[in-house]
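This report concerns only the one structure given below.
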Amino acid sequence: MSFAAAAPGSPGVPTTRPRDLPRRSAVAFAGAGLLAPLVARPARAAEITWRLGHSVPAEFPLHIRLMEAAGAIAEQSGGKMRLEVHGNGELGGPIGLSAQLLAGKIDAAPMTSQLLAPNLALAALPMVGFAFTGYDRVWAALDGEAGAFLRQEIKVRLGLIAMERCWNFGFRQLSTNGKSVRTAADIEGMRLRTPPEAELVKLFQALKALPVAMPLGDLANALETRAVDGQESVVPLLKAAGLWQQQKTCALTNHVWDGHWICVAGKSWRNLPDDLKPVVARAFNDAALNQRKDTMEYDASCQRELEADGLTFNTTDTASFRSVLRKAGYYDSWRRKIGDDGWATLLKYSGPLD
């Protein structure tokens with residue numbers, strides 16, 4: 001389904017916007033279709049219309065806050081510009097959207113580091129295993145020198161314009177069918193399901209685990225039959241996919257973080273009037289800050305609900321994981337991949353790794 005935001009005050013459009021609602025209320029409204037008046041077509045045609053595509057469901061904070069950005073663009077441009085938000089994979093999956101954006105067939109899309117990395121190795125910098133111990137380090141890096149360095153490389157190498165504030169996809173954690181994971185030694189020889197992405201597989205190979213790459217659809221059965229001992233994912237997936245029924249413990253490893261850069265096709269940005277560029281950038285960046293908070297709150301609420309259902313959470317010793325990775329040459333491999341400049345920038349925020 002595609003949506004185009006109208007400026008508040010247009011006929012049939014109330015002045016209350018998603019940012020005025022608590023996160024839970026906004027999600028509930030979106031899921032029930034009650035935000036439909038907020039995304040009605042404007043009464044008069046806009047001079048400029050952009051199309052943005054993403055693949056997440058409409059009830060997710062990413063979509064809700066993109067709609068907020070669309071509303072702000074319509075309002076602050078005085079109706080001159082409209083942003084159509086096409087969610088839930090309407091314009092294609094992540095890889096297809098990436099190809100369309102690079103070809104200039106759509107105007108904008110949220111791009112994870114994982115999606116950008118095949119065309120720009122440096123873009124994977126935020127995904128280095130155990131680089132960030134928490135969100136304070138992530139935001140310091142991406143709102144600071146590391147983020148500026150990445151955005152410049154995205155512009156020079158890919159021809160895309162990345163907005164200043166990265167959106168939050170989240171930290172990945174490790175759940176098991178019983179054994180608590182507190183140090184790197186606890187996962188040696190453990191059969192762990194990972195997505196098929198090579199970087200996640202390599203991370204767990206370096207930690208001496210036995211990664212088993214498989215699609216998400218096969219995971220529940222694999223856990224039920226003990227074909228694997230555990231899995232890694234963001235916490236909300238444990239709840240959404242019902243994985244907590246087969247898993248007993250979840251180690252808060254924060255082993256990998258990823259986020260979404262809102263990227264604009266170079267041609268679309270060049271053709272945008274200069275007076276509208278700050279309007280678009282401000283709308284996306286303001287919505288990003290709200291989405292970051294939404295995602296962190298949602299992760300915390302999912303953890304509380306899973307704990308009530310009997311899943312046990314524990315913290316871990318980051319230093320032990322870094323030590324094993326260092327000895328395995330994992331960090332040396334990453335330094336070669338992203339280059340000395342990129343690596344030096346990362347270390348300013350992560351602390352010593354190699």
Practice item. Find the residue count for region 240-251, including only residues that are surrounded by fewer than 18 Cβ atoms within 10 Å (Cβ to Cβ) and either within 18 Å of the chain's Cα centre (by Cα) or assigned to a loop (DSSP other than H, G, I, E, B) (or both). Key: 4
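Which one of PRO215, PRO211, PRO195 is surrounded by 14 or more Cβ atoms within 10 Å (Cβ to Cβ), of a type outside the set (Ser, Thr, Tyr) and within 21 Å of the chain's Cα centre (by Cα)?
After ruling out the rest, the residue left standing is PRO195.
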Point to revise | Unmet requirement for ALA124, which otherwise passes all of (1) of a type outside the set (Lys, Arg); (2) buried (at least 19 other Cβ atoms within 10 Å of the Cβ); (3) at pLDDT 95 or above | key: (3)
Review point. With (1) under 23 Å from the mean Cα position of the chain (by Cα); (2) assigned by TED's automatic domain parsing to the domain that holds ARG191; (3) of a type in the set (Lys, Arg); (4) at pLDDT 95 or above as the list, and LYS293 as the residue in question, which single condition is left unmet?
Key: (2)
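Residues checked against (1) surrounded by fewer than 21 Cβ atoms within 10 Å (Cβ to Cβ); (2) free of Cβ contacts under 8 Å to residues at least 40 places away in the same chain:
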position	(1), (2)
GLY89	yes, yes
GLY93	yes, yes
GLY104	yes, no
VAL138	no, no
ALA141	no, no
GLN152	yes, yes
**Study point:** All positions within region 170-218 that are assigned to a loop (DSSP other than H, G, I, E, B), touching a strand residue (DSSP E or B) at 6+ places or on another chain (Cβ under 7 Å) and among the hydrophobic types (A, V, I, L, M, F, W, C)
**Key:** VAL181, MET190, ALA209, MET214
Point to revise | Filter result for the condition that a residue is of a type outside the set (S, T, N, Q) and farther than 23 Å from LEU311 by Cβ, over ASP186, ASP143 | key: ASP143
Study note, to complete from the structure: Restricting attention to region 338-354, the residues that are of a type in the set (Lys, Arg) and either crowded, with 19+ Cβ neighbours inside 10 Å or more than 16 Å from ALA146 (Cα to Cα) (or both) number exactly 0
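The values are calculated or read from the model by the stated rules, or taken from the named source; none is laboratory data. If you're wondering where the values come from, they're calculated on a predicted model, not measured in any experiment. With ideal geometry, Cβ positions are generated from the backbone for all residues, glycine too; neighbour counts draw on all protein chains shown.
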